[in-house]
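K.L.:
Here it is, the structure, as structure tokens.
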Amino acid sequence: MTFQGIFEQNREHLMSAVSGTDTVSVIRVLNSELDRMLYTFNDQEESARVREAASSMIQTAKAACSLVDSAGETNIYGRIDYGKTAPARKMSKLGGLLLLVGLVGALVTVVGIQMLANSAAKGSAGLPPRYLLAVIPLLTIIASFFAGMLSRKKETSHEALHAETKIDASKLYNYLLSVILVIDKCLEDVRNSDKQAERERTREQVSAMDPAELELLSQLLEDAYGRRGGDGQAEEEISQIRFYLHRKNIDVVDWTQDVRKQRGKEETGALDNRGWFDMIPAYKSGTIRPALVADGKLLKKGMASAKRG
């Protein structure tokens, strides 16, 4: 089982959980997913060294998940293109009417004052009412004031702008998958290192074994194989010797017979297991003395009989 296999099993759920969410929620989801993957992986991994390495790598990946929230402050700004004339202000109909009233009032006031001055100089009695000369300027001022108010540009309210960045679930999945692939590659290197170390220990253990002891065990196996079928103790002796050699990483290999098709003909041939057996002709095929092998290397050659033709 690899982390990639575990990760891809939960692909749809993970993408749904992080799609369109904020960075804080995404970090929490990723940490939870990495913990789940580590628990599943350790439950199926037999090597303690690989489990320890996997735990360290997942902790590193969890710490790196915080980089998702590394974006800085987002600035939103406006731009003014200088050299372009601003659009002319438009006055409402009511504002234009009040402006016209103000102009007319001002003209009437000026004419009235002129007439009043001429009449006073000539001493004529046909003067306009004095209260009109007081009211008209007042109305003129009021009309002009409101015309100016209506022609003012409306001020816009100031609004605080905020920017929010959503997480792209597909990109996040691909980035995390890249991390998972690196973790799997590192764990495979750890496994290969363990296998190599195990092979070295096996070679050292086998090399340290006394050749005389190996020869004795081989003879005991040959004797026990010869007594099989007639002595009930033979199978037990073979089993005990096999177990003893297995603890020393030495395999007891029996001769096997294989039926192969060659050029369309059925031929029965004796396999020599890569030269591990001395073959002697006999009326019955079988193992006379098993071969002793360690890590694919022959330690003691076996003997077998091959049935004649």
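K.L.:
Restricting attention to the stretch 1-21, and to residues there that are surrounded by 13 or more Cβ atoms within 10 Å (Cβ to Cβ) and not hydrophobic (A, V, I, L, M, F, W, C), which single residue is farthest from ASP43 (Cα to Cα)? It would help to see each step written out before you state the result.
P.N.:
So the first thing to find is which residues in the stretch 1-21 are surrounded by 13 or more Cβ atoms within 10 Å (Cβ to Cβ), and the list is 2-8, 10, 14-15, 17-19, 21.
Add one more test, that the residue is not hydrophobic (A, V, I, L, M, F, W, C), and what stays is 2, 4-5, 8, 10, 19, 21.
Values: THR2: 12, GLN4: 16, GLY5: 14, GLU8: 18, ASN10: 17, SER19: 29, THR21: 31 Å.
The extreme case among them is THR21.
K.L.:
Check ASP194 against each of (1) open to solvent by less than 70 Å² (accessible area, probe 1.4 Å); (2) of a type outside the set (Val, Ile, Thr); (3) at pLDDT below 75 and name the one condition it does not meet.
P.N.:
(3)
K.L.:
Of the residues SER66, SER47, SER32, which is over 14 Å from TYR173 (Cα atoms), free of Cβ contacts under 8 Å to residues at least 40 places away in the same chain and open to solvent by less than 70 Å² (accessible area, probe 1.4 Å)? Can you show your working first?
P.N.:
Numbers: SER47 fails: free of Cβ contacts under 8 Å to residues at least 40 places away in the same chain; SER32 fails: open to solvent by less than 70 Å² (accessible area, probe 1.4 Å).
One residue alone meets the criteria, SER66.
K.L.:
Do we find a residue being under 16 Å from ARG289 (Cβ atoms), in a loop (DSSP other than H, G, I, E, B) and at pLDDT 85 or above anywhere in the stretch 253-265?
P.N.:
Yes, because at least one residue in the stretch 253-265 is under 16 Å from ARG289 (Cβ atoms), in a loop (DSSP other than H, G, I, E, B) and at pLDDT 85 or above.
K.L.:
Which residue, of GLU204, GLU188, GLU213, is open to solvent by 80 Å² or more (accessible area, probe 1.4 Å) and either in a helix (DSSP H, G or I) or in contact with an Asp or Glu (Cβ under 7 Å, 6 or more places away or on another chain) (or both)? I'd like the intermediate steps shown before the answer.
P.N.:
On the way: GLU188 fails: open to solvent by 80 Å² or more (accessible area, probe 1.4 Å); GLU213 fails: open to solvent by 80 Å² or more (accessible area, probe 1.4 Å).
None of the other options fit; the residue is GLU204.
K.L.:
Another question about this same structure. Sort out which residues of the stretch 278-292 are out of contact with any Gly (no Cβ under 6 Å at 6 or more places or on another chain) and in contact (Cβ under 8 Å) with a residue 40 or more places away in the chain, and write them in order of number. Give the steps one after another, and end with the answer.
P.N.:
Pass one, the stretch 278-292, residues out of contact with any Gly (no Cβ under 6 Å at 6 or more places or on another chain): 278-288, 292.
Listed by number, the residues that qualify are THR287, ILE288, LEU292.
K.L.:
When you scan the stretch 224-243, how many residues do you find that are over 48 Å from the mean Cα position of the chain (by Cα), open to solvent by 90 Å² or more (accessible area, probe 1.4 Å) and over 24 Å from MET279 (Cβ atoms)?
P.N.:
Matching residues across the stretch 224-243 total 4.
K.L.:
Same structure again: Considering only residues that are under 20 Å from ARG199 (Cα atoms) and among the charged types (D, E, K, R), look in the stretch 285-301 and name the one that is most open to solvent (accessible area, probe 1.4 Å). Let's see the steps before the verdict.
P.N.:
So in the stretch 285-301, the residues under 20 Å from ARG199 (Cα atoms) come out as 291-300.
With the extra rule that they be among the charged types (D, E, K, R), the set shrinks to 295, 297, 300.
Values: ASP295: 77, LYS297: 137, LYS300: 52 Å².
Among those residues, the one meeting the criterion is LYS297.
K.L.:
With the requirement that a residue be within 52 Å of the chain's Cα centre (by Cα), modelled with pLDDT of 85 or more and either in a strand (DSSP E or B) or of a type in the set (A, V, I, L, M) (or both), what does the stretch 266-297 give you?
P.N.:
Of everything in the stretch 266-297, those that are within 52 Å of the chain's Cα centre (by Cα), modelled with pLDDT of 85 or more and either in a strand (DSSP E or B) or of a type in the set (A, V, I, L, M) (or both) turn out to be ALA291, LEU292, VAL293.
K.L.:
Pairs please, first residue from the stretch 222-245 and modelled with pLDDT under 90, second anywhere and open to solvent by less than 60 Å² (accessible area, probe 1.4 Å) and polar (S, T, N, Q), Cβ atoms under 9 Å, 6+ apart in sequence or on different chains.
P.N.:
TYR225/THR287
The values are calculated or read from the model by the stated rules, or taken from the named source; none is laboratory data. Note that this is a predicted model, so its numbers are computed, not measured. Because the Cβ atoms are built from the backbone with ideal geometry, glycine has one as well, and the counts that use them run over all protein chains shown. Areas reflect the complete protein model, heavy atoms only, side chains present, ligands, DNA and RNA absent. Shrake-Rupley method; radii C 1.70, N 1.55, O 1.52, S 1.80 Å.
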